[in-house]
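*Asks:* Before anything else, here's the structure in question.
Please treat every number below as a calculation from the coordinates, not as lab data. If you're wondering where the values come from, they're calculated on a predicted model, not measured in any experiment. Please note: Cβ atoms are built from the backbone with ideal geometry, for glycine as well, and neighbour counts cover all protein chains shown.
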Amino acid sequence: MARIRTHPGEILREEFMMPLGLSANALALALRVPTTRIGEAGCTIHEIASVTGHATLREIQRCTDAADRERAAVKAIASISQMNEAEK
């Protein structure tokens with residue numbers, strides 16, 4: 001018998017969010033976990049979708065892009081600081 005694969009985000013959306021009238025943003029606020037924080041933790045867009053119930057990966061991609069830019073900026077600043085220390 002073939003196994004039906006249902007994404008956890010779909011279950012969350014269909015069985016909880018829609019009946020309660022919650023958007024993905026409202027759920028993130030209710031959980032007190034901003035989507036960007038989940039992205040900063042290094043979660044993939046699919047993992048974020050399963051937690052927040054976002055309908056499209058494009059919505060999540062905006063959050064992970066912001067987290068990636070912040071991580072890159074922190075790494076760049078650290079590299080510049082190390083280079084400056086090495087020159088002294």
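*Asks:* According to a simple spin-label model (label point 7 Å from Cα along Cα-to-Cβ), what is the distance in nm between SER81 and LEU29?
*Replies:* That separation, rounded to one decimal, is 3.5 nm.
*Asks:* Evaluate Rg over Rh across the chain, taking Cα atoms for both radii and Kirkwood's formula for Rh.
*Replies:* Across the chain, the Cα-based Rg/Rh ratio is 1.21.
*Asks:* Per DSSP H run of at least 4 residues, take -39500 (n - 2.57); add these up for the chain, divide by its residues and hand me the 222 nm value, nearest 500 deg cm²/dmol.
*Replies:* -20500 deg cm²/dmol
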